[in-house]
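One structure is given here, and the rest of the page talks about it.
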Amino acid sequence: MKLGVLFSGGKDSTYAAYLAKKKGYKLGCLISIVSENPDSFMFHTPSINCVEKQAEVMGIPLIMIRTSGEKEKELWDLENAIKIAINKYKIKGIVTGAVESVYQSSRIQIICNKLKIECFNPLWQKGQLELLSELIKNRFEVIITSVAAYPFNVSWILRKIDGKFIRDVSKLADKYEINPAGEGGEFESLVLNCPLFKKKLKVIGFKTSGSGNAFRSEVRLR
Amino acid sequence: MNLIINICKEKLHYFEFVKPICDILDNNKISYFVKDYKRVGKADLEKASKVIICGTSLYDNEFIKNIKKFKWIIDFDKPILGICGGMQIIGLLFGGKIGKESEIGFYNENFTREFFGLIGECEVYHLHNNYVDFSKLKEFEVFCVGDLGISQAIKHNEKDVYGVLFHPEVRNKDLIIKFCSL
């Protein structure tokens, strides 16, 4: 079965795509929604513009749609993007990196149901620390591109997800009841390399902005 | 040892509909083994102390065509919990028919009697296009009926055969643990 990947370029959607390929599914295209609304509950990745480079090194066609990010309009834009993927790449299903968010996953399920295609959520309800550990085990190189919760600060920006990261974030999770994999929007990530990539991406520039416990970095890749 | 039955035709759905159940059992140190519904044999049923039949996706309904593979349920004398598609299988085997109604996302459902710790209004996660109306099946007691008149939680009158149309692995994990403690 050929699938479209609802792709943000972060760890969850990339790992979901990896699991789909590992299970024998063909990745027909990536679908990325660029929201102009930084407060969107559906699409909120600071380094979304990096998906073009990621698609290039994955050798998978990219459908990139911009949306104003108004609550219902962005769902309509997502539905249109999936329709394009169905018509152009003949996909029969969507794979997402949804872990906990019923808000996001149920809306995507409703769209897929309407379009009569399968919806796959291979990370659904997955343990947060298990997810981080599997990324490392499967040679994913992932960096943090934004933080938005106490006690994170600017020092976490561009930090790599490795063993030390998991230990540090676990301590914070115990103490401050945050989600260690960032599922609650505590941080966003960007994949620089993984088994789906034909070559590793390098950060050649970044611009960080923010204050207090909320920072975001716009990254340039090569 | 609990038997977890996978009814997904699509391999990738294992992670979404079976693994979360396995994780709940792992986290509570409850032993289990997993089998595809087409491969469940006599030895598996003898080995199993209880059976959980997991659900699957909105369009992964091959199991309905293969309902005969579940005929063993009728004479099985150990506890069974059918989740979503698993509840539909139980209904079909006991003479029910598939109805069509989509419910997706969080819903508040009213449990008129306690059902594995759920009582009164409780939030549950739905993901189905199909259901079986158990109110027409005399052998079953219905513990919860949704706004659309759809049976959401049932138990066989004489046997430990239970079913839920919602997915307890999302927001009602204790239900699964309580079932395993029967």
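The values are calculated or read from the model by the stated rules, or taken from the named source; none is laboratory data. Keep in mind that this is a model prediction, so the values were computed, not measured. As a convention, Cβ positions derive from the backbone with ideal geometry for all residues, glycine included, and neighbour counts pool all protein chains shown.
Taking helices (runs of 4 or more DSSP H) that do not extend beyond segment B:1-105, which have at least 1 residues that are within 14 Å of chain A (Cβ to nearest Cβ), surrounded by 21 or more Cβ atoms within 10 Å (Cβ to Cβ) and in contact (Cβ under 8 Å) with a residue 12 or more places away in the chain?
Values: elements: B:14-17, B:19-27, B:42-47, B:62-65, B:85-93.
Hits in segment B:1-105: B:14-17, B:19-27.
Looking at A:SER101, A:SER155 in this structure, which one is assigned by TED's automatic domain parsing to the domain that holds A:GLU188 and closer than 21 Å to A:GLY185 by Cα?
Criteria check complete, one pass: A:SER155.
What pairs can you find where one residue is in segment A:82-104 and more than 9 Å from chain B (Cβ to nearest Cβ), the other is among the β-branched types (Val, Ile, Thr), and their Cβ atoms are less than 6 Å apart, with a gap of 6+ or different chains?
From residues that are more than 9 Å from chain B (Cβ to nearest Cβ), the pairs are A:ILE84/A:ILE63; A:ALA85/A:ILE31; A:ALA85/A:ILE63; A:ALA85/A:ILE91; A:LYS92/A:ILE117; A:THR96/A:ILE108.
Within segment B:112-131, does at least one residue satisfy the condition of being assigned to a strand (DSSP E or B), surrounded by fewer than 16 Cβ atoms within 10 Å (Cβ to Cβ), in contact with a helix residue (DSSP H, G or I) (Cβ under 7 Å, 6 or more places away or on another chain) and free of Cβ contacts under 8 Å to residues at least 60 places away in the same chain?
Yes, the conditions are met somewhere in segment B:112-131.
Take the residues of segment A:112-132 that are within 10 Å of another protein chain (Cβ to nearest Cβ) and over 14 Å from B:HIS13 (Cα atoms): which is surrounded by the most Cβ atoms within 10 Å (Cβ to Cβ)?
My answer is A:CYS112.
Test A:ILE136 against the criterion of being more than 20 Å from B:HIS13 (Cα to Cα), in a helix (DSSP H, G or I) and without any contact (Cβ under 8 Å) to a residue 40 or more places away in the chain, and give yes or no.
Numbers: more than 20 Å from B:HIS13 (Cα to Cα): yes; in a helix (DSSP H, G or I): yes; without any contact (Cβ under 8 Å) to a residue 40 or more places away in the chain: yes.
So A:ILE136 fits the description; yes.
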